[in-house]
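Working notes, beginning with the structure itself.
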Amino acid sequence: MRVEDVFPTNDLTGRVALVTGANHGIGAATAVALARAGAAVLVSYLRLDDPPDAGIPDTYRRNRAGDATEVVERVRAVGGRVLPVEADLADPAVPARLFDIAERELGTVDILVNNASGWLADTFKPTAVDRHGRTLRPVSAESFDAQFAVDARAGALLIAEFARRNVAARRGWGRVISLTSGGNDGFPEEVSYGAAKAALVNYTMAAAHELAPFGITANAVHPPVTDTGWVSDEVRAAVDDDPHLLRVAEPEEVADVITFLAGESGRLVTGNVVQLR
């Protein structure tokens, strides 16, 4: 018996991954980690022009406004194949188009990472800033649509396209990994974001049950506070004071967990929300 038969590796050679929201942060780190493991990666992203916010470091605004040049260079530096595609997931036609491009250029998608978000901070409270000094807006149709269109609807359509094409291709193997936030008690001061992520988790859990017969696992990853550029001194102090959080994480640490779930080592993990601290 071979060692690898007993201790499966995370060798993803020959696999194709689609990672959304991958021009910076956890998405970019995940694209690099999957490529390092051998997967070809379609990097989906959208440049965003956020207004200045006294409570959010400018680094985060620059990261969200950037293209995929840096992540493409990082993927190629580890010997990976990468295809960057700028696309707005708020458009319901985009998920199918991303899969069309991936299939034409890279092959059938084996790994879907739902990382993109339409994040903005909204609230039911009559206040203009949150506890960290970041701008808040009241819950509205606009704040709902911005987040549910990307985090919930696009996530559902991406999973649907992934399932249909993967099963039709008789791959017999697949991974769906969705990034989430908030929790069962809601997400105060980011209420639509938390609600949209809850919907994405529900879609992902349903996929775990429905797609298991086809060799597909589906899990959600709940990162801790992760420094993707938005973590200010006030946020770090809040993490230090929170007994439920251990420390601020780096994107690469979260990407390591995603890569574990994407590989053979994670083959028995499905239908779970993996809570990181």
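The values are calculated or read from the model by the stated rules, or taken from the named source; none is laboratory data. Everything numeric in this text was worked out from a predicted model, so none of it was measured. Glycine gets a Cβ as well: all are built from the backbone with ideal geometry, and neighbour counts include every protein chain shown. Calculation scope for accessible area: heavy atoms of the full protein, side chains included, ligands and nucleic acids excluded. Shrake-Rupley method; radii C 1.70, N 1.55, O 1.52, S 1.80 Å.
Annotation: LEU246 carries an accessible surface of approximately 140 Å², with a 1.4 Å probe and no ligand, DNA or RNA atoms counted. Put ILE101, ILE111 in order of accessible area, highest first, and with a 1.4 Å probe you get ILE101, ILE111. Rounded if a/c is under 1.5, else prolate if a/b is larger than b/c, else oblate: which is segment 1-101, with a ≥ b ≥ c the root eigenvalues of its Cα gyration tensor? Judged from the Cα gyration tensor, segment 1-101 comes out prolate (a/c at least 1.5, a/b above b/c).
The relative contact order of segment 106-220, computed from alpha carbon pairs under 8 Å that lie at least 6 residues apart in sequence, is 33 percent. The stretch between PHE214 and LEU245 holds 7.5 nm of extra length on full extension. This uses 0.36 nm per residue minus the Cα-Cα distance.
Based on C-alpha pairs under 8 angstrom that are at least 6 apart in sequence, segment 94-142 has a relative contact order of 23 percent. Mean sequence separation of contacting Cα pairs (under 8 Å, at least six apart), scaled by the length of the chain, corresponds to a relative contact order of 21 percent. Between ASP130 and ALA169, the FRET efficiency estimated from the beta carbon spacing at R0 = 45 angstrom works out to 0.50. Annotation: ARG97 carries an accessible surface of approximately 110 Å², with a 1.4 Å probe and no ligand, DNA or RNA atoms counted.
Between segment 91-111 and segment 162-238, the alpha-carbon centres lie 19 Å apart. As an exercise, use a Förster radius of 30 Å and the Cβ-Cβ distance of ALA141 and ASP50 to find the FRET efficiency, rounded to the nearest 0.05. E(calc), rounded to 0.05, equals 0.90. Note on ARG247: accessible area approximately 120 square angstrom, rounded to 10, probe 1.4 Å, nucleic acids and ligands left out. Remark: the chain carries 47 Å² of accessible area per residue (probe radius 1.4 Å; ligands, DNA and RNA excluded). Projecting the Cα atoms of ILE101, THR30, ALA87 onto the charge dipole of segment 1-141 (Cβ charges, centred on the Cα centre) puts THR30 farthest toward the positive pole.
Close amide H partners of VAL129, meaning residues 5 or more places away or on another chain with modelled amide H under 5 Å apart, are LEU136. With the helix formula -39500 (n - 2.57) applied to DSSP H stretches of n ≥ 4, the chain reaches a computed 222 nm mean residue ellipticity of -11500 deg cm²/dmol.
Could you look at the chain and say what percent of its accessible area is carbon and sulfur, using a 1.4 Å probe and all protein chains? Roughly 52 percent of what the probe reaches on the chain is carbon or sulfur. With respect to the chain, whose longest principal axis is taken over its alpha-carbon atoms, helix 251-262 is tilted by about 40°. Here the Gaussian network model covers the chain, with springs between Cα atoms less than 10 Å apart; of ALA141, ALA163, ALA39, ALA141 fluctuates the most.
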